[in-house]
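Accompanying notes for the structure given below.
The values are calculated or read from the model by the stated rules, or taken from the named source; none is laboratory data. Keep in mind that what you see is a predicted model, and the values were worked out from it rather than measured. Cβ atoms come from the backbone with ideal geometry, glycine included; neighbour counts cover every protein chain shown.
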């Protein structure tokens, strides 16, 4: 899997229930995560993952590149990636799948 960002939804403020239905229809198993407002976490992933934004917004820094994430966005990360999540005024929630 190559690093890339795209939209899973054409609607700007997609609801979490819509993502759950989207994943279920495609038989994609995903786990919900969240990070509080004004927080920063650095995470290392050994396997390739997809991050599906469902609530709030955050910046993801992977290598030297920054990606802004919001509901409806997907960020695909290759195996052995390290990324930093930084939130702003609100919590950020996402689903993570392989």
Inset, instruction - Go through the residues of segment 3-25 one by one and say whether even a single one is part of a strand (DSSP E or B) and exposed (fewer than 14 other Cβ atoms within 10 Å of the Cβ). - result: yes
Inset, instruction - Determine, yes or no, whether residue 68 is within 12 Å of the chain's Cα centre (by Cα), surrounded by fewer than 14 Cβ atoms within 10 Å (Cβ to Cβ) and in a strand (DSSP E or B). - result: yes
Inset, instruction - Could you list all residues from segment 48-65 that are outside any strand (DSSP E or B) and either under 18 Å from residue 11 (Cα atoms) or modelled with pLDDT of 95 or more (or both)? - result: 48, 56, 57
Legend entry - Identity of the residue in segment 26-62, in contact (Cβ under 8 Å) with a residue 40 or more places away in the chain and surrounded by fewer than 12 Cβ atoms within 10 Å (Cβ to Cβ), that ends up nearest to the chain's Cα centre (by Cα): 31
